[in-house]
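Following: one structure in structure tokens, then a few remarks.
The values are calculated or read from the model by the stated rules, or taken from the named source; none is laboratory data. Note that the structure is a prediction, hence the values are computed from the model and not measured. For neighbour counting, all protein chains shown are included, and Cβ atoms are generated from backbone atoms with ideal geometry for every residue, glycine included.
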């Protein structure tokens, strides 16, 4: 982390801190605002935000961190999230006076999950609360895997594990579907046979209904058409004959007047139309025959169609045909479910073989690294004042494979010489846990290279020479990563490369916090104040100088 800028957060009006890439310490009186800086930092780590922390309720709060990510191998994250990649990454979180939160990566808006994913690869904030994780088996397992360098193996294992779970979910769904299908297959076959035997055709109902209408009124239709034909053509005094006579009269005088000629033309057209109408009626009258047997056939067919429509609550033959095809598809699908289930079972079995091999590879590497972890942690906690403490990593097989393999890891510990080793979660005190966690962080920092680690009150419950040893451990860690520690111990603060102090200011109307980077003289003043409570006391100042001389 190159820089941290905070505006309008809690007691902070505005501050800007530039950090070096080694070991920095932040000190200050209780209540000066050291924890506020961490609270502001938590916003760009994706923690919950609201407007209660705004100093000025009418203005927005902004927290911005600038990070050098050139050696973090994060190009794929930026590509996957459609973000612009740059070796210098700017992460910003804003809170409006209305309590709305926005997050940005390189000025591009992102959601909190994206923010957490990225900052989780950049910063590890160690607090007293996190120390409690050391008692959890899952965290202990993650420590072993981190030191063993199992990241890629675990990634492969978890991918296969998730694929198996996904396949099992698919198979279970298919089994339920198959059971349901088998329970109703007889009924589906009955429905299909009924519809299939009906041999329905598209548009059939409309054609049958039209023919039925004619057949049921055939005698009436024939009689009426005969009457029309008589009037138009067959009767002695029929219309066509009389119109033909009228047309002949018009033809004889049409040359005397254009109007008469027009009437003659129109009369001729009427005669042509009437003769055609008479021909069609005569043909239609001869075509229609009353057929009681055909009427019975039509009524029977339409009755079947109406019954099927009513049964399935449909309104057309086309819908019945569509239903028949759907039922046929469901029957065919039911026939293929057994095959699909068997295919899933076979694939699951194959992947479980692969999963087990990956789990064995993980176990082999875990067992191989246990001795190194035990030796390293034992040596480190001895430096921290627990010379008789013993530490052991137990790895036992799980009854079934879990998401992290087939191993259960338990840290065994006892701080007393010759005493029986017991589970860490059942025997270690708060102070012992704190020192153990520092030892663990020191160990995994060499393999899990996050760019930055921040320690909040890592020195709680220690003093004197042990505090100096803690400082030396943090110095060593800073050779491989950026280390920032919030501390109240001069022995630890004197080991840092950079020293920042949080100050609280008060005027007539308000209180606010600020932070400054101390130069060498200011460091002596601050260390002397931390040692004796009096920055001018010469003996304390000499001790402060000694601390700094030993550092450099």
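Which of the residues that make up the range 1-16 are over 16 Å from residue 61 (Cβ atoms) and either surrounded by fewer than 19 Cβ atoms within 10 Å (Cβ to Cβ) or modelled with pLDDT under 90 (or both)? Spell out how you get there, then give the answer.
Step one: filter the range 1-16 for residues over 16 Å from residue 61 (Cβ atoms), giving 1-3.
2, 3, listed by residue number.
Could you go through the range 269-279 and let me know if any residue there is more than 20 Å from residue 224 (Cβ to Cβ), touching a helix residue (DSSP H, G or I) at 6+ places or on another chain (Cβ under 9 Å) and part of a helix (DSSP H, G or I).
Within the range 269-279, one or more residues are more than 20 Å from residue 224 (Cβ to Cβ), touching a helix residue (DSSP H, G or I) at 6+ places or on another chain (Cβ under 9 Å) and part of a helix (DSSP H, G or I).
Which of the residues spanning the range 58-83 are in contact with a helix residue (DSSP H, G or I) (Cβ under 7 Å, 6 or more places away or on another chain) and either over 30 Å from residue 510 (Cβ atoms) or surrounded by fewer than 16 Cβ atoms within 10 Å (Cβ to Cβ) (or both)?
Initial filter on the range 58-83 (in contact with a helix residue (DSSP H, G or I) (Cβ under 7 Å, 6 or more places away or on another chain)): 61, 63, 65, 77, 81.
Result: 77, 81.
Condition check ((1) over 24 Å from residue 10 (Cβ atoms); (2) free of Cβ contacts under 8 Å to residues at least 60 places away in the same chain) across all residues:
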residue: 502; (1), (2): no, no
residue: 508; (1), (2): no, yes
residue: 513; (1), (2): no, no
residue: 522; (1), (2): yes, yes
residue: 527; (1), (2): yes, yes
residue: 531; (1), (2): yes, yes
residue: 537; (1), (2): yes, yes
residue: 544; (1), (2): yes, yes
residue: 548; (1), (2): yes, yes
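Based on what the data block shows, is residue 151 on the phi > 0 side of the Ramachandran plot and either at pLDDT below 90 or touching a strand residue (DSSP E or B) at 6+ places or on another chain (Cβ under 9 Å) (or both)?
no
Taking the stated definitions as given, is residue 42 in the same structural domain as residue 502 (by TED's automatic domain parsing), under 16 Å from residue 454 (Cβ atoms) and either surrounded by fewer than 17 Cβ atoms within 10 Å (Cβ to Cβ) or touching a residue at least 12 places away in the same chain (Cβ under 8 Å) (or both)?
Values: in the same structural domain as residue 502 (by TED's automatic domain parsing): yes; under 16 Å from residue 454 (Cβ atoms): yes; either surrounded by fewer than 17 Cβ atoms within 10 Å (Cβ to Cβ) or touching a residue at least 12 places away in the same chain (Cβ under 8 Å) (or both): yes.
Criteria met by residue 42.
Residue 50 is checked against (1) surrounded by fewer than 20 Cβ atoms within 10 Å (Cβ to Cβ); (2) under 26 Å from the mean Cα position of the chain (by Cα); (3) within 23 Å of residue 108 (Cβ to Cβ) and fails just one. What number does that condition carry?
(3)
Going by what's in this entry, would residue 181 be described as crowded, with 19+ Cβ neighbours inside 10 Å and on the phi < 0 side of the Ramachandran plot?
It is false that residue 181 is crowded, with 19+ Cβ neighbours inside 10 Å and on the phi < 0 side of the Ramachandran plot.
So which residues in the range 362-384 are closer than 14 Å to residue 150 by Cα and either out of contact with any helix residue (DSSP H, G or I) (no Cβ under 6 Å at 6 or more places or on another chain) or surrounded by fewer than 15 Cβ atoms within 10 Å (Cβ to Cβ) (or both)?
To start, the set of residues in the range 362-384 that are closer than 14 Å to residue 150 by Cα comprises 362-370.
Hits for the range 362-384 are 363, 364, 367, 368, 370.
Out of 142, 138, which single residue is surrounded by fewer than 16 Cβ atoms within 10 Å (Cβ to Cβ), closer than 30 Å to residue 424 by Cα, within 31 Å of the chain's Cα centre (by Cα) and not assigned by TED's automatic domain parsing to the domain that holds residue 274? Steps first, please.
Numbers: 142 fails: surrounded by fewer than 16 Cβ atoms within 10 Å (Cβ to Cβ).
Matching residue, one of 142, 138: 138.
For the list (1) without any contact (Cβ under 8 Å) to a residue 12 or more places away in the chain; (2) assigned by TED's automatic domain parsing to the domain that holds residue 204; (3) part of a helix (DSSP H, G or I), I need the number of the one condition that residue 244 fails.
It fails just one condition, (1).
Residues 480, 517, 501, 495: which one is surrounded by fewer than 20 Cβ atoms within 10 Å (Cβ to Cβ) and either within 19 Å of residue 36 (Cβ to Cβ) or touching a strand residue (DSSP E or B) at 6+ places or on another chain (Cβ under 8 Å) (or both)? Walk me through it before giving the result.
Working: 480 fails: either within 19 Å of residue 36 (Cβ to Cβ) or touching a strand residue (DSSP E or B) at 6+ places or on another chain (Cβ under 8 Å) (or both); 501 fails: surrounded by fewer than 20 Cβ atoms within 10 Å (Cβ to Cβ); 495 fails: surrounded by fewer than 20 Cβ atoms within 10 Å (Cβ to Cβ).
The conditions single out 517.
Identify the residue in the range 308-343 that is in contact with a helix residue (DSSP H, G or I) (Cβ under 8 Å, 6 or more places away or on another chain) and assigned to a loop (DSSP other than H, G, I, E, B) and, among all such residues, is surrounded by the fewest Cβ atoms within 10 Å (Cβ to Cβ).
315
Determine, yes or no, whether residue 233 is under 14 Å from residue 277 (Cα atoms) and assigned to a helix (DSSP H, G or I).
yes
Return the residue satisfying two criteria in turn: it lies in the range 281-301 and is exposed (fewer than 12 other Cβ atoms within 10 Å of the Cβ) and more than 60 Å from the chain's Cα centre (by Cα), and of such residues it is farthest from residue 244 (Cα to Cα).
The extreme case among them is 296.
Which count do you get for residues in the range 386-430 that are part of a helix (DSSP H, G or I) and surrounded by 16 or more Cβ atoms within 10 Å (Cβ to Cβ)? Step through it out loud before you land on a result.
As a first pass, look at the range 386-430 and keep what is part of a helix (DSSP H, G or I): 424-427, 430.
Those still in the list that are surrounded by 16 or more Cβ atoms within 10 Å (Cβ to Cβ) too: 424-425, 427.
Of the residues in that region, 3 qualify.
Just give me the residues in the range 535-552 being part of a loop (DSSP other than H, G, I, E, B) and more than 14 Å from residue 29 (Cβ to Cβ), in sequence order. First the steps, then the outcome.
Initially, the range 535-552 is screened for residues part of a loop (DSSP other than H, G, I, E, B), giving 535-537, 552.
Of everything in the range 535-552, those that are part of a loop (DSSP other than H, G, I, E, B) and more than 14 Å from residue 29 (Cβ to Cβ) turn out to be 536, 537, 552.
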